[in-house]
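Read-outs throughout are calculated quantities, based only on the coordinates presented, and are distinct from any laboratory measurement. If you're wondering where the values come from, they're calculated on a predicted model, not measured in any experiment.
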Amino acid sequence: MTSLGTLDVLTFNLNNPGRERAGRQLAYLAARPEQVLVLTETADSAGCSLLEDRFRSAGYSVTFPRPEGRERGVMIVSRLETRPLETGVGVLPYRAAGVTVDTEDGPLDVIGLYVPSRNASDEKIERKRSFLQDCRDNLLDGRTANRVVLGDFNVLEPGHVPAYRFFAPFEYEFYEWLGTACYVDAFRHLHPELLDYSWVGRTGDGYRYDHAHVSRRIVGRLRGCSYVHEPRTMEDRLTDHSALTVQLAISAAAPLVVADPVDVPVVTEALF
């Protein structure tokens with residue numbers, strides 16, 4: 001169980017699972033100690049519907065702006081009561097989801113992002129650039145509230161080791177903008193020199209794609225931030241990304257009574 005007096009958040013890239021893998025992900029996620037789960041690379045699919053339906057039927061709060069067509073997005077699953085939060089993002093809005101949870105220190109906002117990946121095509125580059133620019137123009141910043149922004153950003157920190165030539169200035173500029181918007185990279189704040197990665201290519205090169213940034217006003221409440229490699233490295237792996245967990249010395253105020261979503265009866269569940 002989560003330590004008394006902490007509020008923990010996990011970001012986990014689902015990699016748009018089929019039903020079988022979604023079932024295994026469900027069992028893993030239900031056993032995690034974090035109260036709030038930010039699940040990225042969701043889709044309008046049978047696997048993501050299974051996760052949504054099972055968690056909701058078990059009493060969890062589920063926020064899932066369902067992506068259109070072949071698009072991808074974010075789902076937030078919480079064992080705490082949540083209120084909807086408008087993130088401000090209008091370009092590919094299902095890739096930005098937000099909720100507010102109550103704590104003994106006041107509201108805490110949780111925003112999940114799934115930034116588009118890209119290849120070398122002009123279309124994919126412009127799509128990613130437009131999403132990141134819209135975030136820079138409109139995403140809620142860290143000055144106005146206690147807030148955590150986390151997910152699969154598909155960008156690297158400017159000093160990333162190793163360095164990769166194919167990343168463009170606009171991608172590094174988004175990471176830098178988070179700092180100007182009064183957010184702090186939780187992992188790098190706690191581990192200034194540590195090299196760790198959330199995605200590893202076929203050649204063994206590592207990339208720190210998954211991030212968690214907290215508003216500067218609560219950086220003193222950080223008690224931990226680390227990558228959880230098991231879902232990516234286990235024999236029958238659950239996803240191609242490592243998860244990332246964040247621990248804040250903040251006491252949650254409104255826990256929900258939830259059941260085990262693996263066993264709970266489900267009234268309806270998409271079969272497509």
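Can you list the equivalent-ellipsoid semi-axes of the range 224-268, largest first and in whole Å, using the square root of 5 times each Cα gyration tensor eigenvalue?
One finds semi-axes of 25, 23, 7 Å for the range 224-268.
Calculate, axis by axis, the spread of Cα positions in the range 138-227 along the three principal axes, and write the results as whole Å, longest axis first.
Result, largest extent first: 42, 28, 19 Å.
Summing -39500 (n - 2.57) over the DSSP H runs of n ≥ 4 in the chain and dividing by its residue number, what mean residue ellipticity at 222 nm do you reach, to the nearest 500 deg cm²/dmol? Spell out each step's value before the answer.
Values: 6 runs with 63 residues, N = 272.
Calculated from helices alone, the mean residue ellipticity at 222 nm is -7000 deg cm²/dmol.
I'd like the distance separating the alpha-carbon centroids of the range 202-272 and the range 104-130, in whole Å.
Computed from Cα coordinates, the inter-centre distance equals 17 Å.
When only C-alpha pairs under 8 Å and at least 6 residues apart count, what is the relative contact order of the range 1-140, in percent?
For the range 1-140, the relative contact order is 18 percent.
Show log10 I(q)/I(0) for the chain at q = 0.11, 0.15 Å⁻¹, two decimals, from a solvent-free Debye sum over equal Cα scatterers.
Summing over Cα pairs of the chain leads to -0.57, -1.13.
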